[in-house]
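For reference, the structure is listed below as structure tokens.
The values are calculated or read from the model by the stated rules, or taken from the named source; none is laboratory data. All values derive from a computational prediction rather than experimental measurement. Counting neighbours? That spans all protein chains shown, and the Cβs are built from the backbone with ideal geometry, glycine included.
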Amino acid sequence: MLSIEKLNISVGDKKILEDFNLKIGKGEVHAIMGPNGSGKSTLSYVLAGKDGYEVDGKIIFKNENIIGLPADARAQKGIFLAFQYPIEIPGVFMNNFLKTSLNAVKKAKGQKEVDVVEFLSLVKQHAKKLGIKDEQLGRALNVGFSGGEKKRNEVLQMSLLEPDLAILDETDSGLDIDALKIVADGVNALRSPNRSFLIITHYQRLLDYIKPDFVHVMVNGSIVKTGCSKLAQELDKIGYKEFQKAI
């Protein structure tokens, strides 16, 4: 699904990632854990195609090197990024945003676009599973939403768009335990042999609900250890200091 080969990322003179490598197979769930400033969020932004970084190396997604492709082209090819801090967009209403996004992806894939009636039925079906009320669908995107509502909204977007690779950048940030369970259930419902996930988090608690196949420890722009889900439990006990000392 995804192969990152000797990826270098910098901003000006500051190197953030150097010769970074990672492979994610079809249907696999990978988690990257690490302290603040280790490059986790930067990696997610670059995978999604955010501007403002100097990038070289290879990002092979479904057998194509997508380095240089803009964010919208990557989204159309099946990459989805759930942000740590979803932004508010006054004047853009959720229903319109979701319908436009869904049809843009369908058009890129050569599929039939959905009309208003089809869309409303579909979005209400998905929203109900995430505890999103109908009135929220008619509000401006994320405006006045709580942290939990914003994260549920992003999982709603993901469930509608059905990406091949979903990148979750600290989706657990700002969630109480009930919202965390709902978001995790929404993610788990999307797991399939043809869909892969990259979950970025500081804490083990999210991985109690979304069991990863692989856990990677990232420090100073490099993966310093890889293991199974038990590694996340180990990190919860010992923290990152030992890994930082080894660098």
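Being modelled with pLDDT under 85 and either more than 17 Å from the chain's Cα centre (by Cα) or of a type outside the set (Val, Ile, Thr) (or both): is that true of residue 191 here?
Working: modelled with pLDDT under 85: no; either more than 17 Å from the chain's Cα centre (by Cα) or of a type outside the set (Val, Ile, Thr) (or both): yes.
Taking the combined requirement at face value, the residue does not satisfy it.
Report every pair of residues separated by at least 6 positions or lying on different chains whose Cβ atoms are under 6 Å apart, first residue within the range 235-247 and closer than 17 Å to residue 223 by Cβ, second at pLDDT 80 or above and assigned to a helix (DSSP H, G or I).
No pair meets every condition.
Conditions (1) closer than 17 Å to residue 200 by Cβ; (2) of a type in the set (Val, Ile, Thr), marked per residue:
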| site | (1), (2) |
| --- | --- |
| 29 | yes, yes |
| 37 | yes, no |
| 42 | yes, yes |
| 47 | yes, no |
| 58 | no, no |
| 64 | no, no |
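Report, ordered by the first and then the second residue, all pairs with beta carbons closer than 7 Å, sequence separation of six or more or different chains, a first member in the range 67-92 that is on the phi > 0 side of the Ramachandran plot, and a second member that is in a strand (DSSP E or B).
Qualifying pairs under 7 Å: 78/165; 91/140.
Go over the candidates 117, 143, 123 one by one and state the one that is at negative phi and buried (at least 18 other Cβ atoms within 10 Å of the Cβ). Spell out the reasoning first.
Working: 117 fails: buried (at least 18 other Cβ atoms within 10 Å of the Cβ); 143 fails: buried (at least 18 other Cβ atoms within 10 Å of the Cβ).
Unique residue meeting the criteria: 123.
Name the residues in the range 7-66 that are in contact with a Leu (Cβ under 7 Å, 6 or more places away or on another chain), of a type in the set (A, V, I, L, M, F, W, C) and not in a strand (DSSP E or B), would you?
43, 48
When you check residue 50 against the structure, is it charged (D, E, K, R), surrounded by fewer than 20 Cβ atoms within 10 Å (Cβ to Cβ), closer than 20 Å to residue 161 by Cα and free of Cβ contacts under 8 Å to residues at least 24 places away in the same chain, yes or no?
Numbers: charged (D, E, K, R): yes; surrounded by fewer than 20 Cβ atoms within 10 Å (Cβ to Cβ): yes; closer than 20 Å to residue 161 by Cα: yes; free of Cβ contacts under 8 Å to residues at least 24 places away in the same chain: yes.
Yes, satisfied.
Given the condition more than 17 Å from residue 86 (Cβ to Cβ) and either of a type outside the set (A, V, I, L, M, F, W, C) or not in a helix (DSSP H, G or I) (or both), answer yes or no: does some residue in the range 148-163 qualify?
Looking only at the range 148-163, we keep the residues that are more than 17 Å from residue 86 (Cβ to Cβ), and these are 162.
Going one step further and asking which of them are either of a type outside the set (A, V, I, L, M, F, W, C) or not in a helix (DSSP H, G or I) (or both), we end up with 162.
Yes, some residue in the range 148-163 is more than 17 Å from residue 86 (Cβ to Cβ) and either of a type outside the set (A, V, I, L, M, F, W, C) or not in a helix (DSSP H, G or I) (or both).
Taking the conditions exactly as written (modelled with pLDDT under 90 and among the β-branched types (Val, Ile, Thr)), does residue 155 satisfy them or not? Steps first, answer last, please.
Numbers: modelled with pLDDT under 90: yes; among the β-branched types (Val, Ile, Thr): yes.
Against the criterion (modelled with pLDDT under 90 and among the β-branched types (Val, Ile, Thr)), residue 155 qualifies.
Tell me whether the range 168-175 contains one or more residues that are in contact with a Ser or Thr (Cβ under 9 Å, 6 or more places away or on another chain) and free of Cβ contacts under 8 Å to residues at least 40 places away in the same chain. Before the answer, list the steps.
Residues of the range 168-175 in contact with a Ser or Thr (Cβ under 9 Å, 6 or more places away or on another chain): 168-174.
From what's left, free of Cβ contacts under 8 Å to residues at least 40 places away in the same chain: 172, 174.
So far as the range 168-175 goes, yes, one or more of its residues are in contact with a Ser or Thr (Cβ under 9 Å, 6 or more places away or on another chain) and free of Cβ contacts under 8 Å to residues at least 40 places away in the same chain.
Determine if the range 139-147 includes at least one residue that is over 17 Å from residue 86 (Cβ atoms) and either touching a strand residue (DSSP E or B) at 6+ places or on another chain (Cβ under 7 Å) or in a helix (DSSP H, G or I) (or both).
Of all residues in the range 139-147, those over 17 Å from residue 86 (Cβ atoms) come to none.
No, because not a single residue in the range 139-147 is over 17 Å from residue 86 (Cβ atoms) and either touching a strand residue (DSSP E or B) at 6+ places or on another chain (Cβ under 7 Å) or in a helix (DSSP H, G or I) (or both).
State whether the residues of the range 27-40 include one that is of a type in the set (Gly, Ala, Ser), at pLDDT 90 or above, touching a strand residue (DSSP E or B) at 6+ places or on another chain (Cβ under 9 Å) and exposed (fewer than 14 other Cβ atoms within 10 Å of the Cβ).
No: the range 27-40 contains no residue that is of a type in the set (Gly, Ala, Ser), at pLDDT 90 or above, touching a strand residue (DSSP E or B) at 6+ places or on another chain (Cβ under 9 Å) and exposed (fewer than 14 other Cβ atoms within 10 Å of the Cβ).
Somewhere in the range 116-129, is a residue at pLDDT below 90, outside any helix (DSSP H, G or I) and under 20 Å from the mean Cα position of the chain (by Cα)?
No, because not a single residue in the range 116-129 is at pLDDT below 90, outside any helix (DSSP H, G or I) and under 20 Å from the mean Cα position of the chain (by Cα).
Does any residue of the range 91-113 turn out to be more than 20 Å from residue 75 (Cα to Cα), surrounded by fewer than 18 Cβ atoms within 10 Å (Cβ to Cβ) and aliphatic (A, V, I, L, M)?
The answer is no, given that none of the residues of the range 91-113 is more than 20 Å from residue 75 (Cα to Cα), surrounded by fewer than 18 Cβ atoms within 10 Å (Cβ to Cβ) and aliphatic (A, V, I, L, M).
Listed here are the residues, each with its yes/no results for (1) in contact with a Pro (Cβ under 7 Å, 6 or more places away or on another chain); (2) of a type in the set (Gly, Ala, Ser); (3) buried (at least 19 other Cβ atoms within 10 Å of the Cβ).
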site	(1), (2), (3)
170	no, no, yes
173	no, yes, no
176	no, no, no
186	no, yes, yes
196	no, yes, yes
201	no, no, yes
205	no, no, no
209	no, no, no
216	no, no, yes
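Looking at the range 112-150 only, could you name the residues that are touching a Lys or Arg at 6+ places or on another chain (Cβ under 6 Å) and free of Cβ contacts under 8 Å to residues at least 40 places away in the same chain? Step through it out loud before you land on a result.
Filtering the range 112-150 for residues touching a Lys or Arg at 6+ places or on another chain (Cβ under 6 Å) gives 113, 119, 130, 132, 142.
Result: 113, 119, 132.
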